[in-house]
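Before any comments, here is the structure.
Only the coordinates and a few stated rules stand behind these numbers; no lab work does. As the structure is a prediction and not an experimental result, all values here were calculated from the model. No Cβ is skipped: glycine too gets one built from the backbone with ideal geometry, and neighbour counts run over all protein chains shown.
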Amino acid sequence: MGYIPSDAKWYLAEIVQEMLIEGESDTVVDVNFNLVRADSPDEAYQKAVELGRNGESTYENTDGKEVRVVFRGLRDLNVIHDELEHGAELIYERKVGLTQAQVQTLSTPKEQLGVFQPITPDLEPNLMPLDVARKLDEHLKSTSSRIGS
């Protein structure tokens, strides 16, 4: 086991979920990075697995197809050594023996970072829950009627 500080309280769990869409053959898998509050690695593991299992669900999408969200396990679980605050290091990855060309490929230009990428839902299978779409539609209708008044 790696070094776990005696005062460690936070862990980062990588939770793997698969979305199975009725009639679709494409595999859709999300790896969710979740904070876990625990007093030991074993407790962190139990809580991370519980988060994954609690994330399982079945719903109808806007195409009328059943979508099942299935917990597939943990990809990784790591302790967070720092206190949670601005600049805290959550996790690190070390690479040794890289060429300068390889080092240059590790950085991503700002415009290519995920936070700046547009949402492109048309490229993915339909995971939109029907009940959420209906609530959104109702909200937009009520908002536009208030604005039009």
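Quick look at the numbers
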{"read-out": "Spin-label model distance (nm) - R37 vs D82, 7 Å beyond Cα toward Cβ", "value": "2.1 nm"}
{"read-out": "Reach of K9 by Cα under 19 Å, taken over lysines that are not fewer than 8 positions away in the same chain", "value": "K47"}
{"read-out": "14 Å beta-carbon shell around E50, net charge (K/R +1, D/E -1)", "value": "0"}
{"read-out": "Choice from I80, I119, I91 showing the highest fluctuation, given a GNM over the chain with Cα pairs closer than 10 Å", "value": "I119"}
{"read-out": "Estimated inter-spin distance, T62 and L98, nm [label 7 Å along Cα→Cβ]", "value": "3.9 nm"}
{"read-out": "V16-T108 pseudo-label distance in nm [points 7 Å out on the Cα-to-Cβ vector]", "value": "2.1 nm"}
{"read-out": "Nearby lysines by direct alpha-carbon distance to K135 (threshold 21 angstrom, same-chain neighbours under 8 apart not counted)", "value": "K65"}
{"read-out": "Efficiency of FRET from Cβ geometry, D131 and R72, R₀ 25 Å, rounded to 0.05", "value": "0.50"}
{"read-out": "Answer label for Cα Rg over 2.2 N^0.38 Å (calculated), chosen among (i) 1.10; (ii) 0.97; (iii) 1.39", "value": "(iii)"}
{"read-out": "Sum of -39500 (n - 2.57) over DSSP H runs of 4+, divided by residues of the chain (222 nm, nearest 500)", "value": "-8000 deg cm²/dmol"}
{"read-out": "Sparse-neighbour loop sites [chymotrypsin sites (Phe, Trp or Tyr not before Pro); the stretch 34-105; at most 16 other C-beta within 10 Å; DSSP]", "value": "Y92"}
